[in-house]
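Just below is one structure, and these are the notes that go with it.
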Amino acid sequence: MGRWKVKTIYKYEIPFDDEFKVNLPTGAEIVSVQSQHNTPHMWCIVETTAPTRPTSFILHGTGHPMNGHEGKHLASFQINNGSLVFHLFEDTRR
């Protein structure tokens, strides 16, 4: 009959680091990036039984220099009532 695939939405906290990794299930689809209670998060549709893999991300604040190797822009989000804006990229170099 095959393996039953269960999908759900999981939330992952985004650290305030220039570069970071998150262990996401293989095939995870990022559907939203926002701040919740002034902490940035991403919400992903995941297959709950899929193996996880480290996924690399780059986070830049508005006005911060970029190196041109940030990868795919995923979303921008605000914190502190809009006084700070950050931009999240998936680092596709690795």
- Tell me, yes or no, whether the range 13-26 has at least one residue that is free of Cβ contacts under 8 Å to residues at least 60 places away in the same chain, open to solvent by 50 Å² or more (accessible area, probe 1.4 Å), among the acidic types (Asp, Glu) and more than 21 Å from residue 92 (Cβ to Cβ). yes
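Working carefully through the options 45, 30, find the one that is among the β-branched types (Val, Ile, Thr), in a strand (DSSP E or B) and in contact with a Leu (Cβ under 8 Å, 6 or more places away or on another chain).
Working: 45 fails: in contact with a Leu (Cβ under 8 Å, 6 or more places away or on another chain).
So the residue among 45, 30 that is among the β-branched types (Val, Ile, Thr), in a strand (DSSP E or B) and in contact with a Leu (Cβ under 8 Å, 6 or more places away or on another chain) is 30.
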- Task: Check off (1) open to solvent by less than 50 Å² (accessible area, probe 1.4 Å); (2) more than 21 Å from residue 92 (Cβ to Cβ); (3) of a type outside the set (Phe, Trp, Tyr) for residue 48 and give me the number that stays unchecked.
- Result: (1)
- If we ask which residues in the range 78-94 are in a strand (DSSP E or B) and farther than 23 Å from residue 27 by Cα, their number turns out to be 5
- Going through the range 27-45 in order, the residues found to be surrounded by 14 or more Cβ atoms within 10 Å (Cβ to Cβ) and among the hydrophobic types (A, V, I, L, M, F, W, C) are 28, 30, 33, 42, 43, 44, 45
- Item | Qualifying residue in the range 53-63 (condition: at pLDDT 95 or above, under 13 Å from residue 86 (Cβ atoms), open to solvent by less than 40 Å² (accessible area, probe 1.4 Å) and not in a strand (DSSP E or B)) | no
- Within the set of pairs 6 or more residues apart or between chains, which connect a residue that is without any contact (Cβ under 8 Å) to a residue 12 or more places away in the chain inside the range 59-74 to a residue that is surrounded by 10 or more Cβ atoms within 10 Å (Cβ to Cβ) and in a loop (DSSP other than H, G, I, E, B) with Cβ atoms less than 9 Å apart? 64/18
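The values are calculated or read from the model by the stated rules, or taken from the named source; none is laboratory data. Small disclaimer: the values here were computed from a predicted structure and weren't measured. Backbone-built Cβ (ideal geometry, glycine too); neighbour counts: all protein chains shown. With ligands, DNA and RNA removed, areas are computed over all heavy atoms of the protein, side chains included. Shrake-Rupley method; radii C 1.70, N 1.55, O 1.52, S 1.80 Å.
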